[in-house]
Amino acid sequence: MRKNFFLDLILFVSGLICIVTGIMLDFHLLPSGDFEIRHLVRNFHIYSGYIMAVGIIFHIAWHSNWIKSAAKQLFLKK
């Protein structure tokens, strides 16, 4: 239970960072002349995405029994 909370927290924070920085980069909400800030925001976006991907892998691995059980119920229903 405790590991799920921390994993969900990591997924939420990294996902939020990825969304916010993605919007900032896509809609050009950063100062146009400051390449250092743009580079920093881009790095936050990239590495938060990596953290989120690793978190999703752990999340799927920890819930694999539930996924198998739900898939069996879904596909073996008559």
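The values are calculated or read from the model by the stated rules, or taken from the named source; none is laboratory data. Everything numeric here is computed off the predicted structure, so don't read it as measured data. Backbone-built Cβ (ideal geometry, glycine too); neighbour counts: all protein chains shown. Surface areas here come from the heavy atoms of the whole protein model, side chains and all, with no ligands, DNA or RNA. Shrake-Rupley method; radii C 1.70, N 1.55, O 1.52, S 1.80 Å.
The figures follow:
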{"read-out": "Within the chain, helix-based [θ] at 222 nm, where runs of 4 or more DSSP H residues each add -39,500 (n - 2.57), nearest 500", "value": "-29000 deg cm²/dmol"}
{"read-out": "On Cα atoms only, tilt of 2-26 relative to the major axis of the chain in degrees", "value": "40"}
{"read-out": "Accessible area in square angstrom per residue, segment 24-78, 1.4 angstrom probe", "value": "88"}
{"read-out": "Carbon plus sulfur fraction of accessible area for the chain, probe 1.4 Å, in percent", "value": "72"}
{"read-out": "Most mobile of Phe12, Phe44, Phe35 in a GNM of the chain (Cα contacts under 10 Å)", "value": "Phe35"}
{"read-out": "Cα-centre dipole for the chain with unit charges at Cβ (Lys and Arg positive, Asp and Glu negative), debye to 20", "value": "740"}
